[in-house]
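Accompanying notes for the structure given below.
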Amino acid sequence: MKTVNHWIGGKSVPGVAGAPDRYGEVTDPATGEVTTRVAFAAAGDVDAAIAAAKDAYATWRTTSLAQRTAILFRYRALLDAHRDDIAALITAEHGKVHSDALGEVARGLEIVELACGIANSLKGELSTQVSSRVDVSSIRQPLGVVAGITPFNFPAMVPMWMFPVAIACGNTFVLKPSEKDPSAPVLLAELASKAGLPDGVFNVLHGDREAVDALLVHPDVAAVSFVGSTPIARHIHAEATAAGKRVQALGGAKNHMLVLPDADLDAAADAAVSAAYGSAGERCMAISAVVAVGSAGDELVSRIVERAGRITIGPGDDPASEMGPLITRAHRDKVAWYVRSAAGQGAEVVLDGTDFTVEGHEQGHWIGLSLLDRVSTDSDAYRDEIFGPVLCVLRTETYEEAMALINASPYGNGTAIFTRDGGAARRFQLEVEAGMVGVNVPIPVPVGYHSFGGWKDSLFGDHHVYGNDGVRFYTRGKVVTTRWPDPADTPAGVDLGFPSERH
């Protein structure tokens, strides 16, 4: 059986000497079979990874921007050459179809490309002659050792939201990826080493809560980045800030798509199906709630049903598959519970995918597409982040009712409006309480040079990830005020070649 070890100080490490061996199991979601075991970090392993990062920081922080970006350019080329290899690991352990996995790698590469041009973002400012012979400048400097804790749903992309920017800014990095699909993050680290990244600059630790809690309180960790569920994001923010660390913790979501009666309903239905069911709904930017206004509802639901019936579900490595299984059997059962309990909570179950299976892969973590109509805002299916291929449809009579419904949600990650009316779209983007807004775009994930992040219970901390916010998060500002005497005032006897009033 394959074993995935930690990556510490530039090499594969099963664990520190004398520490008890602990391993977790990784399954192939399409078959339910255990294919891999992954080493779980003890406190000693966490100490070793942070020590390696701290040692590397002493020289990496003073490495020139030209050298750092040269390594990142080589890294970008290696990632591009190994796209299929990374995607295959994602499919094998997460279950998403290969095309989805390739898309994940492509979005991660955007941030590596951003990091390649980091020099422009690290430029300081200068004001001259603010007083007689006094200049003031501002510079940005790295923090030190920083940590990232990332989820199972994007095992390559979300780490790449973090470590390329952090490393480009001069920090060293310790990544704790999900233990459910650990192979892709290790390959990312191996390729970084091949690109010439010095040992210890990028480290990967696997494990469970023991490893996470050790990172949160370790005195040599300056900052923590996290993406995951809201309860864990809240815990990480509280614990790490109490330990004096800078924190950006991105939590869960319940993303709404508002459809007005004037919308192109074919476009809206296409968007709802792809945004709700793509990657089996296991993404924080999935559309999980469609709010149909007035006459839009019946026809929109009909068109969603028509399109959903054409989606092919199967193993992620089958080119014919458009949606794969869920990550674990336990998660599959949890998602099915929401669908099975929906009717008792007042919803109309239009599509029920809970009995779906794939012939020849009956032990896989399969679930079909589910569509719940006329969902109430007090039902479990609406209130909770399901993280599966379940789409809720809610009905309102007016735009104002729809806005009140959306803004009452405790989440504020992403949202979208579908309309042909520019005035309605403009009003929506100003009034909606969410961090990312799409206009006739269902999943408004910003490109790499803009920052990603939500509002309310979807974000704990002051900074979004990547883009300008990422640079600000991984650096500290410093202001320097200087005053130098004029060379003409040099004491007698020292000749600097400047004319003096004394001569």
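Within segment 33-40, none of the residues are buried (at least 18 other Cβ atoms within 10 Å of the Cβ) and assigned to a helix (DSSP H, G or I). For segment 78-97, the set of residues classified as open to solvent by 60 Å² or more (accessible area, probe 1.4 Å) and in contact (Cβ under 8 Å) with a residue 12 or more places away in the chain consists of Asp80, Arg83, Asp84, Asp85, listed by residue number.
The residue of segment 408-429 that is farthest from the chain's Cα centre (by Cα), among those that are assigned to a strand (DSSP E or B) and of a type outside the set (A, V, I, L, M), is Phe418.
Collect the residues in segment 374-392 that are in contact with a Leu (Cβ under 9 Å, 6 or more places away or on another chain) and either among the small types (Gly, Ala, Ser) or in contact (Cβ under 8 Å) with a residue 60 or more places away in the chain (or both), keeping them in residue-number order.
Across segment 374-392, the qualifying residues are Val375, Ser376, Ser379, Ala381, Tyr382, Phe387, Gly388, Pro389, Val390, Leu391, Cys392.
Which ones in segment 233-259 are under 26 Å from Phe387 (Cβ atoms) and touching a Pro at 6+ places or on another chain (Cβ under 9 Å)? Scanning segment 233-259 gives Gly251, Gly252, Lys254, Asn255, Met257. May I ask you to list the residues in segment 266-310 that are open to solvent by 20 Å² or more (accessible area, probe 1.4 Å), assigned to a helix (DSSP H, G or I) and closer than 27 Å to Val97 by Cα? Passing the criteria: Asp266, Ala267, Asp270, Ser274, Ser302, Arg303, Val305, Glu306, Arg307. Of all residues in segment 446-460 being open to solvent by 60 Å² or more (accessible area, probe 1.4 Å) and assigned to a strand (DSSP E or B), which is nearest to Gly435 (Cα to Cα)? This residue is Trp455.
Could you check, for segment 416-426, whether at least one of its residues is open to solvent by less than 30 Å² (accessible area, probe 1.4 Å) and free of Cβ contacts under 8 Å to residues at least 60 places away in the same chain? So far as segment 416-426 goes, yes, one or more of its residues are open to solvent by less than 30 Å² (accessible area, probe 1.4 Å) and free of Cβ contacts under 8 Å to residues at least 60 places away in the same chain. You will find that of Val212, Val224, the residue that is open to solvent by 10 Å² or more (accessible area, probe 1.4 Å), under 20 Å from the mean Cα position of the chain (by Cα) and either over 29 Å from Ala286 (Cβ atoms) or of a type in the set (Val, Ile, Thr) (or both) is Val212 and no other. I'd like to know if segment 250-258 contains one or more residues that are open to solvent by less than 10 Å² (accessible area, probe 1.4 Å), more than 22 Å from Met403 (Cβ to Cβ), in a strand (DSSP E or B) and touching a helix residue (DSSP H, G or I) at 6+ places or on another chain (Cβ under 7 Å). Yes: one or more hits.
Ala51 meets all of the listed conditions (1) crowded, with 16+ Cβ neighbours inside 10 Å; (2) over 18 Å from Phe173 (Cα atoms); (3) more than 23 Å from the chain's Cα centre (by Cα) but one, namely (2). When segment 227-244 is limited to residues that are open to solvent by 30 Å² or more (accessible area, probe 1.4 Å) and not in a helix (DSSP H, G or I), the one that is nearest to Met162 (Cα to Cα) turns out to be Ser229.
Before we move on, is Ala402 of a type outside the set (S, T, N, Q), assigned to a helix (DSSP H, G or I), out of contact with any helix residue (DSSP H, G or I) (no Cβ under 8 Å at 6 or more places or on another chain) and farther than 27 Å from Ser229 by Cβ? Taking the combined requirement at face value, the residue does not satisfy it.
What do you reckon, is Leu102 in contact (Cβ under 8 Å) with a residue 40 or more places away in the chain and either closer than 28 Å to Pro185 by Cα or buried (at least 21 other Cβ atoms within 10 Å of the Cβ) (or both)? Answer is no for this residue. Per this entry, Glu433 is counted among residues that are in a loop (DSSP other than H, G, I, E, B), under 27 Å from Met157 (Cα atoms), at pLDDT 95 or above and open to solvent by 70 Å² or more (accessible area, probe 1.4 Å). Taking the criterion of being aliphatic (A, V, I, L, M) and touching a strand residue (DSSP E or B) at 6+ places or on another chain (Cβ under 6 Å), the residues of segment 317-348 that qualify are Met323, Val339, Ala342, Ala343, Ala347.
Within this structure, Ser137 passes the test of being open to solvent by 10 Å² or more (accessible area, probe 1.4 Å), out of contact with any Lys or Arg (no Cβ under 8 Å at 6 or more places or on another chain) and not in a loop (DSSP other than H, G, I, E, B).
Residues of segment 62-121 that are out of contact with any Gly (no Cβ under 9 Å at 6 or more places or on another chain), part of a loop (DSSP other than H, G, I, E, B) and within 30 Å of Val34 (Cα to Cα): His82 alone.
Tyr57 meets all of the listed conditions (1) under 30 Å from Glu210 (Cβ atoms); (2) crowded, with 24+ Cβ neighbours inside 10 Å; (3) of a type in the set (Ser, Thr, Tyr) but one, namely (2).
Look through Arg74, Arg61, Arg68, Arg37 and report the one residue that is within 30 Å of Trp366 (Cα to Cα) and either in contact (Cβ under 8 Å) with a residue 24 or more places away in the chain or of a type outside the set (Phe, Trp, Tyr) (or both). Can you show your working first?
Numbers: Arg74 fails: within 30 Å of Trp366 (Cα to Cα); Arg61 fails: within 30 Å of Trp366 (Cα to Cα); Arg68 fails: within 30 Å of Trp366 (Cα to Cα).
Answer to the check: Arg37.
Would segment 478-491 turn up any residue that is open to solvent by less than 20 Å² (accessible area, probe 1.4 Å) and of a type outside the set (A, V, I, L, M)? Scanning segment 478-491 turns up no residue that is open to solvent by less than 20 Å² (accessible area, probe 1.4 Å) and of a type outside the set (A, V, I, L, M).
When residues of segment 203-241 are filtered for being touching a Gly at 6+ places or on another chain (Cβ under 6 Å) and within 24 Å of Ala189 (Cα to Cα), how many remain? Adding up the residues that qualify gives 2.
The values are calculated or read from the model by the stated rules, or taken from the named source; none is laboratory data. Everything numeric in this text was worked out from a predicted model, so none of it was measured. Note that we place each Cβ from the backbone using ideal geometry, even for glycine, and neighbour counts take in every protein chain shown. Each accessible area value is taken on the protein alone, full model and side chains, heavy atoms only, with ligands, DNA and RNA left out. Shrake-Rupley method; radii C 1.70, N 1.55, O 1.52, S 1.80 Å.
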